[in-house]
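Presented below is the structure to which this report refers.
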Amino acid sequence: MKIFQLCLFTISLFILAAFSMSAQIKPPEKTEEDSLKIRSDILADTSVVFDSTQSVTAPDTMKPIINPGFISSDISSYRIKKKYIQLNDYRTTSNLITLLPFGYVQDLGWLGQPNEVLIAGNGYNNLSVVENGVVLNNRISNSYEFNRYQSESLDSIYLVPLTQSFLYGNNNQSTVLLYPKIGINTPPYSRLRFHQAPEGEGFVDVLFNALFTSKLNIGFELTNFTVDPRYANSGASHWIGSASMRYMFSNKFNLIAKYKFVDSYTELNGGVDYNFLINNFSEADADEIMYNNFQAPVLYGELNFDSPRYKKVSSNQLRLDLLLQLVDNAFSTLTVYYVDELEEFRQNEKETYSDIPKIINDNSYSLYGGSFHQNYSGSFFQADILANLEVLDSKAQYLYYSNKELWSYSFAGKLKLFPFDFGYTSVFGKYLTYNEKSFSGAGIDAALNITKQFQIYSGYSYYTKPYNLIEIEFGNPKNNSGVSTFHTRLSFSAGTAKLSTGYFRTETNNASFAVIEQSHDMKVSEVSDLFFEDTKNEGFNLSVDYEISNVLIKTNLAYYFTKTSDIENLLPEFTGWGGIYYVDTLFNNNLKLKAGINYKFSGVQNHLLYDFEKSIPVYHHWNNTTNEIELISPLRTNSSFQIDLFVAGRIQEAAIFYFVFENILDRKYYIVPYYPMQARGIRFGLSWEFLD
């Protein structure tokens, strides 16, 4: 597979070079801009998401319509821009999410695994992922795997204020918005990215976007990443492709069509079988063997044998967007979309292991949907409405009673008032019908510019949240789940210093939690029941961005006050990432260099395991002796810390090279038991831009 990726990389290089030489449309002149000046990119941005007054002019003055979106980028939200993404160290989109406040990944140790991504402690079944107004979550489990998203086409990432997250999808407590580049820009643009790392890890992405006529823009992107088994039964291969078309009938009417497919294969070994090691070796020897990928036994699988547990995913997604701007300051978007997804989950398929349950399930669904967004801006207000209709036909083999045709529709609105220059206030609400039941929510927030350097934001909302099909099947809930959220944020900027702090508090009634029947036999990770309880989650975030001379310092910290008891830490006590870099422009402006160290760390948390078929984290088991629900393990993970050496350079505004010496201290640790994190190794890569 490594040879195949190299061939694909080489062929793509020649194809894009040919396009570059034969292009007939001259791109507009570019303004010199230092791409290393990324100090404010991860902190709040005071611009609008997509400035309706800013457009790219084609040769005959035809302009694409850029809808401003349902959320504006003021102090209430966070934005990561493309130029920051390109000069950051990342493997997949999940790594980029950790750059957001309260962003965290329950990392399973190696590329391609279905890592759970959390924002403010909200992950599977509580985090909405939205691309240009359409929710990407799996409609059965209400979860999303970021391995399936093409990071190279991203133009920007937004974190919606926690108080407004319920306005999208099924009223989840956190929402992240993804805006891809393809279909937006009219200048010809192509990009090729490639990286290689130990354990047969390879990644290649080919992106092309061009204005073929004065009205027609066409783009495509193809992504492939693979990794050989580091431990037994831990390999993965993901293919993702997309094609888009924008036709500009006029400056008032645009049509966008997009198709995307996903074809992935992931082996799921369940981590190292530490119980076997501790029962057969001393603790010191067991710890040493656990980090030896050739000797360590895993729960599912053996080296050089067929995989006893894996998941295949095939998905087709089609959407059509009609963009209208019939009058100034008024934008309309009508979207229709279709999703067809199949997950093939296999466990002990050939009945090789007597102690592992046999599971052969094909879980699929078809989704038909439509949405409408209307935006209008006046001199002192902005109004938005968002309507959505979906029809779901689910066919999950682990569901016996809940498979049916399910209709849902929602109506959300927001009114933002800014009669004065020093701040604004907004009110918002939503009504949702899901599975023949009604849910609603409302909220209010406000922002104040105390000075040009100092801003403050606060908001509150309350809403009811529907249960997904798995919760209905395995939990049979009697009451609705209610969520109240308070979120506040302070921002300060002065010269090259940027500082942002945030606090949130969320209280949830009748929140579900999963239970397995056996704790000591970790091989039985299949959820047997769901129960419900009231929960509280609160946390504090600090983001610092400071440049002095040619030294850039970044850090992003989060601390969680959540603790349901003296022994329960269902979230890490703290998380953080950051870096210290030397940045400069060298060789007559031909090289823009960023070199330094990355660091990341996290605090202790309780042991957990995953039901990968249903995308559910599990912390509890049912004790048959006491007939009580207990933690699956009294142990907690140790706090972790890792340092990487990172070098990136942009050459003549056309190519970027990457070099990462990962885990230079060769620390032995895990975040999720027992999935050892990457050992010390070197990863390098290159991205090359054409035509732009």
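The values are calculated or read from the model by the stated rules, or taken from the named source; none is laboratory data. Keep in mind it's a predicted model, so treat the numbers as computed, not measured. Methodologically, a virtual Cβ is constructed for each residue, glycine included, from the backbone with ideal geometry; neighbour enumeration extends over all protein chains shown.
So, Ala412, is that one of a type in the set (Gly, Ala, Ser), surrounded by 20 or more Cβ atoms within 10 Å (Cβ to Cβ) and over 30 Å from Pro161 (Cβ atoms) or not? So Ala412 fails the test.
Annotation: of all residues in the range 652-692 being on the phi > 0 side of the Ramachandran plot and touching a Leu at 6+ places or on another chain (Cβ under 9 Å), the one that is modelled with the lowest pLDDT is Leu691.
In the range 664-675, is there at least one residue being more than 19 Å from Leu299 (Cα to Cα), in contact (Cβ under 8 Å) with a residue 12 or more places away in the chain, touching a Phe, Trp or Tyr at 6+ places or on another chain (Cβ under 8 Å) and among the aromatic types (Phe, Trp, Tyr)? Give the steps one after another, and end with the answer.
Filtering the range 664-675 down to residues more than 19 Å from Leu299 (Cα to Cα) leaves 664-668.
Cutting the leftovers down to in contact (Cβ under 8 Å) with a residue 12 or more places away in the chain gives us 664-668.
Those still in the list that are touching a Phe, Trp or Tyr at 6+ places or on another chain (Cβ under 8 Å) too: 667-668.
Restricting the remaining residues to those that are among the aromatic types (Phe, Trp, Tyr) gives none.
No.
Checked against (1) hydrophobic (A, V, I, L, M, F, W, C); (2) crowded, with 22+ Cβ neighbours inside 10 Å; (3) part of a strand (DSSP E or B), Phe220 passes all but condition (2). Would you confirm, using the coordinates I've provided, whether Asn537 is surrounded by 16 or more Cβ atoms within 10 Å (Cβ to Cβ), in a strand (DSSP E or B), at pLDDT below 95 and under 23 Å from the mean Cα position of the chain (by Cα)? Answer is yes for this residue. Name every residue in the range 182-211 that is in a loop (DSSP other than H, G, I, E, B) and modelled with pLDDT of 85 or more, in order of residue number. Within the range 182-211, Pro198, Glu199, Gly200 qualify.
Residues are listed down the side, and each one gets a yes or a no for (1) touching a residue at least 40 places away in the same chain (Cβ under 8 Å); (2) at negative phi; (3) in contact with a helix residue (DSSP H, G or I) (Cβ under 6 Å, 6 or more places away or on another chain); (4) of a type in the set (D, E, K, R):
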site: Lys416; (1), (2), (3), (4): yes, yes, no, yes
site: Phe420; (1), (2), (3), (4): no, yes, no, no
site: Thr425; (1), (2), (3), (4): no, yes, no, no
site: Leu432; (1), (2), (3), (4): yes, yes, no, no
site: Ile456; (1), (2), (3), (4): yes, yes, no, no
site: Tyr463; (1), (2), (3), (4): yes, yes, yes, no
site: Asn468; (1), (2), (3), (4): yes, yes, no, no
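Tell me which residues, restricted to the range 198-218, are of a type outside the set (D, E, K, R) and touching an Asp or Glu at 6+ places or on another chain (Cβ under 8 Å). Within the range 198-218, Gly200, Val206, Leu207, Phe208, Ser214 qualify.
Collect the residues in the range 82-101 that are acidic (Asp, Glu) and under 13 Å from the mean Cα position of the chain (by Cα), keeping them in residue-number order. Give the derivation first.
Our first condition is that a residue be acidic (Asp, Glu); within the range 82-101, this holds for 89.
Those that are acidic (Asp, Glu) and under 13 Å from the mean Cα position of the chain (by Cα): none in the range 82-101.
In the range 503-522, the residues that are closer than 18 Å to Thr625 by Cβ and charged (D, E, K, R) reach residues that are modelled with pLDDT under 95 and assigned to a strand (DSSP E or B) with C-beta atoms within less than 9 angstrom, at least six apart or across chains, in these pairs: Glu517/Asp529; Glu517/His621; Glu517/Trp622. Exactly one residue out of Ala197, Ala210 is farther than 30 Å from Tyr431 by Cα, out of contact with any helix residue (DSSP H, G or I) (no Cβ under 8 Å at 6 or more places or on another chain) and among the hydrophobic types (A, V, I, L, M, F, W, C): that is Ala197.
For Ile75, the conditions (1) buried (at least 21 other Cβ atoms within 10 Å of the Cβ); (2) within 26 Å of Ser264 (Cα to Cα) all hold with the exception of (2).
Within the span defined as the range 603-617, one or more residues are under 22 Å from the mean Cα position of the chain (by Cα), under 30 Å from Asn137 (Cβ atoms) and without any contact (Cβ under 8 Å) to a residue 60 or more places away in the chain. Go through the residues of the range 424-446 one by one and say whether even a single one is hydrophobic (A, V, I, L, M, F, W, C) and more than 28 Å from Asn541 (Cα to Cα). Yes: one or more hits.
Within the range 451-489, the residues that satisfy the criterion of being surrounded by fewer than 23 Cβ atoms within 10 Å (Cβ to Cβ), hydroxyl-bearing (Ser, Thr, Tyr) and within 29 Å of Gln397 (Cα to Cα) are Thr464, Ser481. Among the candidates Asn142, Asn115, Asn147, Asn125, the residue that is surrounded by 22 or more Cβ atoms within 10 Å (Cβ to Cβ) and without any contact (Cβ under 8 Å) to a residue 40 or more places away in the chain is uniquely Asn115. Within the range 668-692, the set of residues being surrounded by fewer than 19 Cβ atoms within 10 Å (Cβ to Cβ) and among the β-branched types (Val, Ile, Thr) comprises just one member, Ile682. Residues that are free of Cβ contacts under 8 Å to residues at least 60 places away in the same chain and within 20 Å of the chain's Cα centre (by Cα) were ranked within the range 223-258; the one that is farthest from Phe305 (Cα to Cα) is Gly241. Across the range 628-667, the qualifying residues are those that are loosely packed, with under 15 Cβ neighbours inside 10 Å and polar (S, T, N, Q), and the one among them that is nearest to Phe601 (Cα to Cα) is Ser639. Being out of contact with any His (no Cβ under 6 Å at 6 or more places or on another chain) and within 23 Å of Arg230 (Cα to Cα) holds for only one residue in Tyr599, Tyr581, Tyr670, and it is Tyr670. Residues of the range 618-636 that are without any contact (Cβ under 8 Å) to a residue 60 or more places away in the chain and among the hydroxyl-bearing types (Ser, Thr, Tyr): Thr625, Thr626. Of all residues in the range 223-246, those being closer than 22 Å to Phe194 by Cβ, out of contact with any Phe, Trp or Tyr (no Cβ under 9 Å at 6 or more places or on another chain) and in a strand (DSSP E or B) number 0.
Can you tell me which residue in the range 376-402 is nearest to Leu469 (Cα to Cα), limited to those that are surrounded by 18 or more Cβ atoms within 10 Å (Cβ to Cβ), of a type in the set (S, T, N, Q) and more than 26 Å from the chain's Cα centre (by Cα)? Among residues in the range 376-402 that are surrounded by 18 or more Cβ atoms within 10 Å (Cβ to Cβ), of a type in the set (S, T, N, Q) and more than 26 Å from the chain's Cα centre (by Cα), the one nearest to Leu469 (Cα to Cα) is Ser402. Scanning the range 646-677 for residues that are within 19 Å of Gly579 (Cα to Cα) and not hydrophobic (A, V, I, L, M, F, W, C) yields Gly649, Arg650, Tyr658, Glu662, Asn663, Asp666, Arg667.
For the range 616-625, check the following and say yes or no: at least one residue is among the aliphatic types (A, V, I, L, M), under 30 Å from Gln347 (Cα atoms) and touching a strand residue (DSSP E or B) at 6+ places or on another chain (Cβ under 6 Å).
So in the range 616-625, the residues among the aliphatic types (A, V, I, L, M) come out as 616, 618.
Going one step further and asking which of them are under 30 Å from Gln347 (Cα atoms), we end up with 616, 618.
Then drop every residue that is not touching a strand residue (DSSP E or B) at 6+ places or on another chain (Cβ under 6 Å), which leaves 616, 618.
For the range 616-625, residues among the aliphatic types (A, V, I, L, M), under 30 Å from Gln347 (Cα atoms) and touching a strand residue (DSSP E or B) at 6+ places or on another chain (Cβ under 6 Å): present.
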